[in-house]
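A.B. asks: Okay, handing you the structure first.
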Amino acid sequence: MVFAVRLLASSPFRFAARWPTLCATVSPFVSRFQEGRLRGDGEFGCASLSSRRHFADAGGFDDPNFEKYNEIDNASLSRVQPLRTSNTDEWIATEKVHGANFGIYVLNKGAQVRFAKRTTIMPETEPFFGYQCIAPQLKEQALKIRELVMQDVKQDPDTIIIYGELFGGKYLHPEVPRSSQSYTLRGATRGVSSVQKEPFPQYTPNLAFYAYDIKYKVLADGAMRTMTFDEATNVFKRIPGLLYQRAIVRGHIDKCLAFNVETFLTTVPQWLGLSEYYMKHNKAEGVVIRHAKRGLPEMEARTTMLKIKCTAFQEMKADRTQMTAPRAAKDPMLDVRMLAIQRVGPQLAAMDSVLPTPELVEHCQKLSDHICDSRLSGLLSKLGTDGLVTGALTQKRLAHMLAQDALKDFLKEAPPTVINAPVVIRREFARYLLTEARRFVAAGWKALLENAAPLAPGGRLPAVGSDAAPDDGAAAASGAGVLGTNFA
């Protein structure tokens, strides 16, 4: 193909003279393209074609065991509006990992394990991003999943499919070595290929798998059944070393829509042990929101799954390589998100979906619990009410000061595992603390103003300076300095 492109760039006379040669060069490519036999390892410079539905493998749908994973529609106001009518429906948002759709098929009651891309079950010799590097581990995990599904459904399924995302192969941090994974194919040793080509998000230098769905059928000629989110998660969490989807937000669909994907940094590196090697601007691709009952028979005719991508990943973006550049066009989800925020307020990710150990989740919750009535009352007794009356003490500034005071006390008893945690973890602690402080102050702000107005000045606010409360956007005092983050 490179030769063909050079011919096209040459003069018209040379091009005409060499037309037979050009045809001979291009014809094999065209015929293989039409037959759907383009390889996914970069042959003819088309590494990404195998993962796009417009270039489906024509032979893949003939395999009787193959079950194509449904495409997920983008969330839009027209799609979301009908789903808001019920106040009892529960929805779940999870991180959308940027990679290639990948399926693990456990066939014939566990006698055979096969691997599939979006369009077909693959032969073992297909070099699909080098998945063979992790195939032995995936096979072992898949057989354990089968055992657990068999226990949970109290039947012996003929077929189980674990759907997920094949991802990774790139983490360009100066202190993280490149992948050493390799595999042998047709007598040659090969390394893994980077699944995503964009600068961000970057997850890991190694190839990895992110599980998010389980389907099974009891009889070989029976119907497939999709496990609900909670059923599948209950299986995934019992498999050692398996990376799987975690609930970021749960509740009414508006809570999921109010989660800000534009500022969401991927959580995958910390789950893979790379918390120490923080990368700025490592945005997540977005989120997938699904109904909690998706998979049950009564949900078959309903919309049960949508995706929300950050603008850098939306298909209509003008330049997909400029991940931190200003938006080329208006975010089509902005109106949907703002309407949801008006209804339920902004949403943070669940702590256990971001913090990689139960110990960190416990201590982060303890830190948030330091925000309380007694602490706010104590802080106001030191400051007095002058600032509330004159407007010098704003709601946002009071929240910053309350968070700073809580952090100072928390750090007196915090264990070294928290104080010396990687910066990405400390930033999350600070984020949860400040959010809780802002919510707490906002909830009681009207009462604070009403109580302060008739009172004589009871104290003075510190002058703006080195001893003053931090201005909006400035680093909080010593406690936040230990956490190595800003409260803004």
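Coordinate-derived values only; no laboratory data. The shown structure was predicted, so the numbers you read here are calculated from the model rather than taken from an experiment. Backbone-built Cβ (ideal geometry, glycine too); neighbour counts: all protein chains shown.
A.B. asks: Label points 7 Å out from Cα along the Cβ direction at residue 107 and residue 234: separation in nm?
C.D. replies: 3.0 nm
A.B. asks: How large is ³J(HN,Hα) for each residue in the range 126-139, as worked out from phi by the Karplus curve 6.51 cos²θ - 1.76 cosθ + 1.60 (θ = phi - 60°), to whole Hz, x for Gly and Pro?
C.D. replies: Once rounded to whole Hz, the list reads 7, x, 7, 6, x, 4, 4, 4, 10, 4, x, 5, 5, 5.
A.B. asks: Give me the number: length gained by fully extending residue 301 to residue 175, i.e. 0.36 nm times residue separation minus the C-alpha to C-alpha distance, one decimal in nm.
C.D. replies: Numbers: separation 126, 0.36 × 126 = 45.36 nm, distance 4.98 nm.
Extending this stretch completely gives an extra 40.4 nm.
A.B. asks: Can you tell me which lysines have their Cα less than 19 Å from the Cα of residue 255? Leave out same-chain residues fewer than eight positions away.
C.D. replies: Counting by Cα, and skipping residues close in sequence, residue 255 has these lysines nearby: 96, 293, 307, 309.
A.B. asks: Still on this structure, I have one more. Based on the mean of other beta carbon atoms within 10 Å per residue, what is the order of 276-287, 174-185, 74-85, most packed first?
C.D. replies: 276-287, 74-85, 174-185
A.B. asks: Still on this structure: Tally Lys/Arg at +1 and Asp/Glu at -1 over every other residue whose Cβ is under 13 Å from the Cβ of residue 179; what's the total? Write down the numbers at each step before the final one.
C.D. replies: On the way: positive: 170, 178, 190; negative: none.
So the surrounding residues net to +3.
A.B. asks: Related question: If you stretched the chain out fully between residue 339 and residue 396, how much longer would it get, using 0.36 nm times the residue separation minus the C-alpha to C-alpha distance? Write down the numbers at each step before the final one.
C.D. replies: Numbers: separation 57, 0.36 × 57 = 20.52 nm, distance 2.26 nm.
Gain on stretching residue 339 to residue 396: 18.3 nm.
A.B. asks: Using θ = phi - 60° and the Karplus curve 6.51 cos²θ - 1.76 cosθ + 1.60, what whole-Hz ³J(HN,Hα) does each residue of the range 175-188 get, with Gly and Pro shown as x?
C.D. replies: 9, 10, x, 5, 5, 9, 5, 8, 8, 10, 9, 6, x, 10
A.B. asks: Is there a pair in 170/237; 280/408; 237/283; 68/215; 412/446 whose C-alpha atoms are over 22 Å apart, and which pairs would that be?
C.D. replies: Working: 170/237 26 Å; 280/408 26 Å; 237/283 25 Å; 68/215 11 Å; 412/446 32 Å.
From 170/237; 280/408; 237/283; 68/215; 412/446, over 22 Å: 170/237; 280/408; 237/283; 412/446.
A.B. asks: Compute the Cα gyration tensor for the range 60-350, then decide on rounded, prolate or oblate, letting a ≥ b ≥ c be the square roots of its eigenvalues: rounded whenever a/c is under 1.5, prolate when a/b is larger than b/c in the other cases, and oblate in all that remain.
C.D. replies: oblate
A.B. asks: Pop a pseudo-label 7 angstrom from the Cα along the beta-carbon direction at both residue 188 and residue 124 and give the gap in nm to one decimal.
C.D. replies: If labels sit at residue 188 and residue 124, their model points lie 2.0 nm apart.
A.B. asks: Could you state the number of Å between the C-alpha centres of the range 116-164 and the range 331-401?
C.D. replies: 43 Å
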